[in-house]
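In what follows, a single structure is set out as structure tokens and then discussed.
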Amino acid sequence: MSEEQSFEQMLEESFKTIRNGEVVEGTVIDVKPEVMYLNIGYKADGILTKEEYSNENVDLTTVVNPGDKLEVKILKVNDGDGQVLLTYKRLAQEKGNKRIEEAFNNKEVLTAKVSQVLNGGLTVLVEDTRVFIPASLVSDTYERDLSKYADQEIEFRISEFNPRRRRIIGDRRHLLAERKAEASRELFARIQPGDVVEGVVKNVTDFGAFVDLGGADGLLHISEMSWGRVENPKKNFHVGDELTVLIKDIRDEKIALSLKFPEQNPWLEAEENFAVGTVVSGRVARMTDFGAFVELLPGVDALLHVSQISRNHVDKPSDVLQVGQQIEAKVVDFNAADHKISLSMKALEIEAARNANDDTVFTDPEYDGARN
């Protein structure tokens with residue numbers, strides 16, 4: 001009997017003693033979807049449920065395998081049935097709290113995956129410790145829908161750390177604002193009027209487009225979108241378009257942009273292409289009571305005065321012309337300094353009448369000048 005007691009005592013002594021709250025390393029000996037069993041070097045195996053493994057609803061067979069080693073914490077040495085209850089989640093949370101506290105004190109930037117998108121913000125996990133980022137601190141611009149952040153890794157700082165009240169708050173907004181301010185300083189330090197830079201269309205309005213230059217936005221006004229006429233910017237430009245733009249002017253923090261590159265100015269060759277006497281074709285772009293403006297090239301308009309539309313009397317251009325109509329006319333005046341070109345359809349009619357030996361072209365004093 002004494003030998004049996006001695007053997008039992010020796011067997012008992014071969015197992016280490018454990019206590020509640022102690023951290024031990026265990027080896028997984030069996031795993032099921034809801035629970036796993038670990039050898040922790042004690043006379044009884046440890047039991048780790050999925051609720052004590054993670055805050056997430058996971059199938060344990062998908063995250064661990066027999067033979068894996070885990071560092072766990074003793075939750076209860078004896079649950080009443082002689083079983084040892086373990087927790088992995090709470091130990092991870094303690095480690096997470098410590099990690100988060102260090103980041104809070106050092107104002108460190110953390111990176112974590114969004115685990116939940118809520119009505120009021122986002123939840124991320126830092127070593128299994130939940131950090132809540134309120135909607136007002138998610139971005140430096142208002143965002144109605146936060147669903148795009150689901151399962152995304154984001155960067156943030158800890159703005160409030162109070163684990164006793166379970167209040168751990170993350171802040172992404174001020175981090176983004178700081179980075180944009182730094183990018184803006186770097187941008188303004190390297191750019192100047194006349195530079196050609198790359199940008200991405202950020203927003204389009206009726207009067208122009210805002211282009212992100214990587215640190216600041218520049219305004220591409222409707223009047224600077226083309227050497228030609230742009231009626232509706234929203235038909236020509238879309239959010240996300242990549243543009244090569246000219247920096248026209250910088251005033252304080254305002255950047256004026258242009259797509260009217262000087263070397264592409266259509267007036268550079270206009271004097272050669274539209275010399276006096278040249279017969280040209282163009283599109284009626286707009287009309288007034290005194291005449292019609294005809295687009296010869298994008299950016300080059302010419303005036304067709306009402307008196308030069310026809311040999312017959314015309315009260316107003318809209319009586320005989322329509323916007324968009326293609327017409328043929330003769331250049332009767334060219335002013336390079338003022339970028340003005342005058343056209344005449346009547347001159348072509350007179351020439352046609354001359355060639356047809358139509359003497360009526362000279363019977364009206366209004367056309368006497370046509371002889372020359």
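The values are calculated or read from the model by the stated rules, or taken from the named source; none is laboratory data. Keep in mind it's a predicted model, so treat the numbers as computed, not measured. Using ideal geometry, Cβ is built from the backbone for each residue, glycine included, and neighbour counts are taken over all protein chains shown. Heavy atoms of the whole protein, side chains included, go into the accessibility calculation; ligands, DNA and RNA do not. Shrake-Rupley method; radii C 1.70, N 1.55, O 1.52, S 1.80 Å.
Some values worked out for this structure:
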| quantity | calculated |
| --- | --- |
| Listed residues V24, V197 arranged by accessible area, highest first, probe 1.4 Å | V197, V24 |
| Residue-normalised accessible area of the chain, expressed per residue, 1.4 Å probe, Å² | 60 Å² |
| On Cα atoms only, tilt of 2-14 relative to the major axis of the chain in degrees | 20 degrees |
| Trypsin sites (Lys or Arg not before Pro) restricted to DSSP loop in region 156-226 with at most 12 other C-beta within 10 Å | R166 |
| Approximate spin-label separation E182-D151, in nm, with each point projected 7 Å along Cα-to-Cβ | 3.1 nm |
| Percent of beta bridges antiparallel (DSSP, region 282-350, rounded to nearest 5) | 90 percent |
| Extension gain (nm, one decimal) between H221 and F290, 0.36 nm per residue minus Cα-Cα | 22.0 nm |
| Distance between modelled label sites at R283 and A189, nm, 7 Å Cα→Cβ extension | 4.7 nm |
| Between 0 and 90°, nearest 10: helix 89-106 axis offset from the chain longest Cα axis | 50 degrees |
| Point-to-point label distance, N232-E351, nm (Cα→Cβ direction, 7 Å offset) | 3.8 nm |
| Span from the region 96-115 Cα centroid across to the region 119-195 one, whole angstrom | 13 Å |
| Relative contact order [Cα under 8 Å, 6+ residues apart], region 73-211, whole percent | 18 percent |
| Considering only region 45-159, percent of DSSP beta bridges that pair antiparallel, nearest 5 | 90 percent |
| Relative contact order (%) - criterion: Cα under 8 Å, at least six apart; region: region 91-159 | 39 percent |
| Once the Cα gyration tensor of the chain is diagonalised, semi-axes √(5λ) in Å | 87, 20, 15 |
| Relative contact order of the chain, defined on C-alpha pairs under 8 angstrom at six or more residues apart (%) | 8 percent |
| Net lengthening on full extension, V200/A336 (0.36 nm per residue, minus Cα-Cα) | 45.4 nm |
| Rounded to whole Hz, the Karplus (6.51, -1.76, 1.60) HN-Hα couplings of region 230-235, x for glycine and proline | 10, 7, 9, x, 5, 8 |
| FRET efficiency, D140 to K98 (Cβ-Cβ, R0 25 Å, nearest 0.05) | 0.25 |
| FRET efficiency, D30 to F207 (Cβ-Cβ, R0 51 Å, nearest 0.05) | 0.15 |
| Angle between the chain longest axis and helix 346-355 axis [Cα atoms, degrees, rounded to 10] | 50 degrees |
